[in-house]
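What follows is a single structure, written as structure tokens, with notes after it.
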Amino acid sequence: MNIEAIMKTAPVIPVLVIEDAATARPLAEALVKGGLRVLEVTLRTEAALEAIAEMKKVEGAIVGAGTVVNTDQFEQVMKADAEFIVSPGLTDRLGDAIVRSGVPYLPGIANAGDIMRGLDLGLTHFKFFPAETSGGLKALKALAAPFYQCKFCPTGGISAATAPEWLAFDPILCVGGSWVTPKGASYEQVEALAREAAGLKG
């Protein structure tokens with residue numbers, strides 16, 4: 001799958017911080033059952049790489065690595081068979097390495113310079129991050145106007161309440177969020193939240 005197909009799979013990509021790899025597979029099962037098949041496991045914990053491997057065992061799950069910030073991490077997640085890469089920002093060195101690998105890539109951007117750097121690398125799909133503190137939907141609409149060829153996945157501060165407004169903007173293919181996996185929630189609750197998120201329309 002290319003990055004656009006991945007982004008169009010569901011309106012919400014759960015942004016997951018996994019502390020215990022033993023929870024990864026049942027969590028992925030709950031999210032996929034609820035209709036969210038694309039899962040972003042952030043490299044913010046020591047369990048992240050094992051969690052990616054565990055989640056990939058779930059039928060229907062499309063598992064990627066998030067918070068990839070350098071080429072060393074990129075090599076690590078490739079060994080864990082991550083199916084796509086998300087980074088909070090974009091550097092020439094990291095971007096070039098990922099683009100050359102052919103792995104679907106969603107780099108973070110927050111301004112016109114970031115987008116132009118991405119276009120130079122042949123990229124047209126971006127994560128707008130951090131979405132709310134970078135000016136929100138109003139800022140993204142202003143950025144999207146001159147970069148008409150680009151598509152976006154805003155992430156950062158988006159909730160179930162605000163997601164529909166973001167999704168109503170045509171260049172946005174999906175949003176990223178952590179609200180579908182609140183701390184302390186049961187797998188049944190996660191499945192229910194995933195089902196609500198999967199049904200979101202702009």
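The values are calculated or read from the model by the stated rules, or taken from the named source; none is laboratory data. Computed from a predicted model, the values in this text were never measured in an experiment. Cβ atoms come from the backbone with ideal geometry, glycine included; neighbour counts cover every protein chain shown. Please note that ligands, DNA and RNA were not included when accessible areas were found on the heavy atoms of the full protein model with its side chains. Shrake-Rupley method; radii C 1.70, N 1.55, O 1.52, S 1.80 Å.
Summary table below
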{"item": "Alpha carbon centroid spacing (whole Å) that separates the range 1-41 from the range 127-202", "result": "14"}
{"item": "Zero-based 5 Å bins, Cα pair distances in the range 74-202, whole percents", "result": "2, 10, 20, 19, 18, 15, 11, 4, 1"}
{"item": "Using distinct alpha-carbon pairs, which all enter the 1/r mean, Kirkwood radius of the range 14-78 in Å", "result": "11.5"}
{"item": "Segment Val99-Gln149, extension gain: residue separation times 0.36 nm, minus the distance between their alpha carbons", "result": "16.2 nm"}
{"item": "Spin-label model distance (nm) - Met1 vs Asp120, 7 Å beyond Cα toward Cβ", "result": "3.1"}
{"item": "Binned Cα-Cα distance frequencies in the range 54-98 - 5 Å width, integer %", "result": "5, 23, 32, 20, 11, 7, 2"}
{"item": "Cut-off under 5 Å, modelled amide H: who pairs with Tyr105 long-range", "result": "Ile3, Ile85"}
{"item": "13 Å beta-carbon shell around Lys141, net charge (K/R +1, D/E -1)", "result": "-1"}
{"item": "Extension gain (nm, one decimal) between Glu19 and Asp81, 0.36 nm per residue minus Cα-Cα", "result": "20.4 nm"}
{"item": "Protection-proxy order for peptides 190-199, 4-13, 68-77, each taking the mean of Cβ atoms within 10 Å per residue, highest first", "result": "4-13, 190-199, 68-77"}
{"item": "Computed FRET value (nearest 0.05) for Ala192 with Ala168, which takes r as the C-beta separation and R₀ as 22 Å", "result": "0.40"}
{"item": "Surface share of carbon and sulfur [accessible, 1.4 angstrom probe, percent] for the range 35-149", "result": "50"}
{"item": "Where labels lie 7 Å past Cα in the beta-carbon direction, separation of Asp92 and Ala112 in nm", "result": "2.1"}
{"item": "Translational diffusion coefficient (Stokes-Einstein; Kirkwood radius from C-alpha pairs) of the range 1-145 at 10 °C, 1.306 mPa s, in µm²/s", "result": "103"}
{"item": "Counted charge near Ile109, where neighbours are those whose Cβ lies closer than 14 Å (Asp, Glu -1; Lys, Arg +1)", "result": "0"}
{"item": "Accessible area per residue, Å², the chain with all protein chains present, probe 1.4 Å", "result": "45"}
{"item": "FRET E, pair Glu46, Lys138, Förster distance 41 Å, beta-carbon r, rounded to 0.05", "result": "0.60"}
{"item": "The range 78-92 - phi-based ³J(HN,Hα) in whole Hz, Karplus 6.51/-1.76/1.60, Gly and Pro as x", "result": "5, 5, 8, 6, 4, 8, 7, 10, 10, 10, x, x, 9, 10, 4"}
{"item": "Label-point separation, Ala160 to Lys183 (7 Å along Cα→Cβ), nm", "result": "1.9"}
